[in-house]
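First comes the structure, then the notes that go with it.
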Amino acid sequence: MTLLLIQQLTDTAKHLADTANHAVTTAAAPAEELRFGDLLIKGGWVMIPIGILAVLGLVIFFERYFTIRKASRDESNLMVQVRSSIHSGNLESAIAICRNNNTPLGRMLQKGLLRIGRPIKDIEGAIENVGKLEVSKLEKNIGILGIVAGIAPMFGFLGTIAGVIKIFYDISKTDNISMGVISGGLYVKMVTSAAGLFVGIVAYVCYHILNMMVDKVILKLETDAIEFIDLLEEPSK
C-alpha cells in the first residue's frame, strides 16, 4: 500500500513537471514575426489606389525633377555669346545661337531679338509672355503631386474606417467581444492609414521641392531677362 502511494505521488510529480516544462517552452517560443509584405496584403482593396497614387507621385516627381534641373543649368555662356554678337552688330548670329540653345532662356532671348527695332516695352512684353509660357511648362503636372498628398491619407482613413465597421459588424453577428478579436482585426486595418499618411507625406515633400526648384528657375530667368534688356539699351545710353 505504501509503495503504491509513493508510485502515485511520483507519477503526479512527474506529470506536473512535464506540464511546467511545456508551459515554459511555449512561453519562450518566439512570437510570430510581423512581416511588412503580409501587412500590405492584409490592408485590403484600399491599398490598391494608395499604391497607384504612390507610383504616380514618384513618376511625376522624377520626370519633373530632371526637366526642371535641365532648365536651371547655368546659361552664363549663352549670355556672353549673345552679348558679343549684339556688340558686333551680328543680330542673325545672336538669333541662331539662341535657337540652337533650346532652353527656356534661349527661347526668351530669341523672341526678344526678333523684336529688336520696336519699343523696349514691346520687347519686354514679348520676353515676359514667353517666360510665362516656359514657367507653365515647367509647372506641368506638379499640381497632381499636391492632389496625391491630399487624397492618399483620405484613402488610408477610409480603409481603416471600413475595417472598423466590418469588425463591429462581425461582433454583432457572433456576439464575441473579446479583445483578441478586436485588436487582431484593428491593427491590420490601421495599416491603410499608415500607408496613406506615408504616401501623402512623401508627395507633399516632393511637391514643395519641385516648387522651390521652379521658383529658382523663375528668379534666374527674370535676372537674365533684365540683363538682356539692359544690353539692348546700352547703345542708346
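Restricting attention to segment 47-96, which trypsin sites (Lys or Arg not before Pro) occupy a DSSP loop and are surrounded by at most 15 other Cβ atoms within 10 Å?
Values: sites: Arg64, Arg69, Lys70, Arg73, Arg83; in loops: Arg73.
Of the trypsin sites (Lys or Arg not before Pro), the ones in loops of segment 47-96 whose Cβ has at most 15 other Cβ atoms within 10 Å are Arg73.
Could you order Lys111, Lys132 by accessible surface area, starting with the largest, using a probe radius of 1.4 Å? Could you put the intermediate results ahead of the total?
Values: Lys111 65, Lys132 125 Å².
These residues rank, largest area first, as Lys132, Lys111.
So what is log10(I(q)/I(0)) for segment 51-102 at q = 0.26, 0.29 1/Å, when the Debye sum runs over its Cα atoms only?
At q = 0.26, 0.29 Å⁻¹ the computed log10 ratios are -0.92, -1.01.
Would you kindly derive the ³J(HN,Hα) couplings of segment 47-55 from the backbone phi angles with the Karplus curve 6.51 cos²θ - 1.76 cosθ + 1.60 (θ = phi - 60°), listing them in order in whole Hz, with x for Gly and Pro?
5, 5, x, 5, x, 4, 5, 5, 5
What does the C-alpha gyration tensor say about the overall shape of segment 57-143? Classify as rounded when a/c is under 1.5, otherwise prolate if a/b is larger than b/c, or oblate. Could you put the intermediate results ahead of the total?
On the way: a/c = 3.66, a/b = 1.83, b/c = 2.00.
It is oblate, given that a/c is not under 1.5 and a/b is not larger than b/c.
Each residue of segment 113-127 in order: what ³J(HN,Hα) in whole Hz does its phi give by Karplus 6.51 cos²θ - 1.76 cosθ + 1.60, θ = phi - 60°, with x for Gly and Pro?
After applying 6.51 cos²θ - 1.76 cosθ + 1.60, I find 5, 5, 9, 4, x, 9, x, 4, 4, 5, 5, 4, x, 5, 5 Hz.
The values are calculated or read from the model by the stated rules, or taken from the named source; none is laboratory data. All figures in this text were calculated on a predicted structure; none of them were measured in a lab. Reconstructed Cβ throughout: ideal geometry from the backbone, glycine too, with neighbour counts over all protein chains shown. Side chains are part of the model used for accessible areas, which takes the heavy atoms of the whole protein and leaves out ligands, DNA and RNA. Shrake-Rupley method; radii C 1.70, N 1.55, O 1.52, S 1.80 Å.
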